[in-house]
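Report on the following structure.
Since every read-out is calculated from the coordinates, none of them should be taken as a lab result. What you see is a predicted model, and the numbers here were worked out from it, not measured in a lab. Glycine also receives a Cβ, built like all others from the backbone with ideal geometry; neighbour counts cover every protein chain displayed.
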Amino acid sequence: MTEPTRRQLLRSAIALGGTVAVSPVLAGPAFGAPSPPCGAADADRAADRVVAGIRRPAIPRRDFPVTRFGAVADGTTDNTAALAAAVRAAHRAGGGRVVVPPGDWATGPIHLLSRVELHVEAGATLLFTTDPAVYLPTVYSRWQGIELMNYSPLIYAYGRHDIAVTGGGVLDGRASTADWYAWKPLGDADFSAFEATVNAGLPVERRDGTRYHFRPAFVEPYNCRRVLVEGVTLKNSPFWFLHPTLCQDVTVHGVTVTATGPNTDGCDPESCDGVLIDSVSFDTGDDCIAVKAGRNADGRRVNTPSQNIVIQNSTFAAGHGGVTIGSEMTGGVRDVYARDLTMTSAGLQSGHRLKTNSVRGGYIKGTHVHRVNVTAIGGPLLLIDYHYGEGDTGTYPPTVTDINLSHWNVTSAIQGWNIQGYANDCVGTVRLSDITIDSALTKANIATDVTDLELTNVLVDHVPQS
């Protein structure tokens, strides 16, 4: 790196807006020298403590093959009743595995009970119907952060403990533009009318999501303890793929998600405490991971944060954001640790994405994203956006602070960072350290209304002038 490029980077950093704190190593002759980990070791220790405290389900190794209950693997026979009978039998016996052997198994929604594991063997595919009527009666759910009664998720549990979905098989929601995805513009148009009834005080039990074209999530444990999703491949979800809500001790391990449809987030833990997302591969039509905590007035009513979340050893391809928080984060998000990640595609629009506004309110405190290898990314490594959605039109200014990125090796990126707070409500402390971007950026870095932006050993091939 030439000396003019170093000086250019320093000028760019100083001119970003807000109050920018630049480490001496950035401006001095030792600009490219190794620096201390800048909190990465402390973040590792904190993440290790979270992982050690997450309990996996305790489920007896007692098998209940679905064929015993009349299921037929011809790809067309409706096996909903047979699967439900197997779940009930396993639960009554004190717990066990509902085993789906190789073959194509058509089904409607599957509701898990305590101490029951749905085990989909390698070579097995669960084919979920796209007929909305099959997902009735409605169940207690959330739609974009607001509680309601809606179509059943494809796999659902409410108030259960020790539940799991495992195996090497495939779960196919079969959603397409011919069915669920066609509802996307209708649901978007309906949302304002729905939220108006919520803000007017309509009880959850009377909030009928079926009136508003709100698609169901794929896997949604709600108010559950000790949840495991492991090994399976999920594709073609009507809406978000994995949506644990108000849960404790959630493990998502070795899961593959492939999707191109609208709002097909990979995993969205919402108002959860103790979540491990490990060794996953996500290629999505929206955020790969989006940590959430309720939305607007309803989020303030429930007022439950997401916290103690670890994301590790995972690969993200296409999507709106790799590790995202928000925009539904009214109950607050804190202590999120992401480490040892790979981002592989210019189809990924941002690396660490934080989206909020003054209608949401809430807080994001303490995110640590480190040891990230980026082949390509089609936007900034860090995006903090206070102008998402409704923008600055509310009376609940958000708090975002203690945001940390370190040890990123980037082959290609469009932008280093894009941080935009409010003039009367600045983003707090943001730290970037030990980050190397080997290619020239094509967009200037932006940081407006930031209280404290700290850059330590940040090396960029070329930073364009804004």
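A few points about this structure:
- Contact order normalised by residue count of the chain, Cα under 8 Å, 6+ apart, percent: 12 percent
- Each of S433, S237, S439 was scored by other Cβ atoms within 10 Å of its Cβ. Arranged with the fewest first, they read S439, S433, S237.
- From its DSSP helices (H runs of at least four residues, each -39,500 (n - 2.57)), the chain gives a residue-normalised ellipticity at 222 nm of -4500 deg cm²/dmol.
- Nearest-0.05 FRET efficiency for R49 and E121, computed from C-beta distance (R0 30 Å): 0.30
- Spin-label model, E205 to T401: label points 7 Å out along the Cα-to-beta-carbon direction sit 4.2 nm apart.
- Note on the stretch 35-106: with charges restricted to the Cβ of Lys and Arg (+1) and Asp and Glu (-1), its dipole about the Cα centre is near 480 debye.
- The angle between the Cα long axis of helix 40-53 and the longest principal axis of the Cα atoms of the chain comes to about 20 degrees, rounded to the nearest 10.
- Normalised by the number of residues in the stretch 262-329, the average gap of Cα pairs under 8 Å and 6 or more apart makes the relative contact order 42 percent.
- Label point distance in nm, D190-N373, each placed 7 Å from Cα along Cα→Cβ: 4.5 nm
- Arranged from fewest to most other beta-carbon atoms within 10 Å of their beta carbon, H111, H462 become H462, H111.
- Rough spin-label spacing in nm, given labels placed 7 Å along Cα→Cβ, for T260 and D452: 4.6 nm
- Normalised by the number of residues in the stretch 99-204, the mean separation of alpha-carbon contacts (under 8 Å, six or more apart) gives a relative contact order of 30 percent.
- Percent breakdown of C-alpha pair distances by 5 Å bin, ordered from the shortest bin, for the stretch 306-450: 2, 10, 21, 24, 20, 14, 6, 2, 0
- Gyration tensor over alpha-carbon atoms, the stretch 397-466, equivalent ellipsoid semi-axes in Å: 23, 14, 8
- Taking only the C-alpha atoms of the chain, Rg followed by Dmax gives 22.7, 74 Å.
- Computed over the alpha carbons of the stretch 151-244, Rg followed by Dmax gives 15.2, 46 Å.
- HN-Hα J in Hz across the stretch 368-384 - Karplus 6.51, -1.76, 1.60, θ = phi - 60°, x for Gly and Pro: 9, 10, 9, 6, 10, 9, 10, 6, 7, 8, x, x, x, 5, 10, 10, 10
- Cross-link partners of K235 among lysines, defined as those whose alpha carbon lies under 27 angstrom from its own and excluding same-chain residues fewer than eight positions apart: K184, K292, K355.
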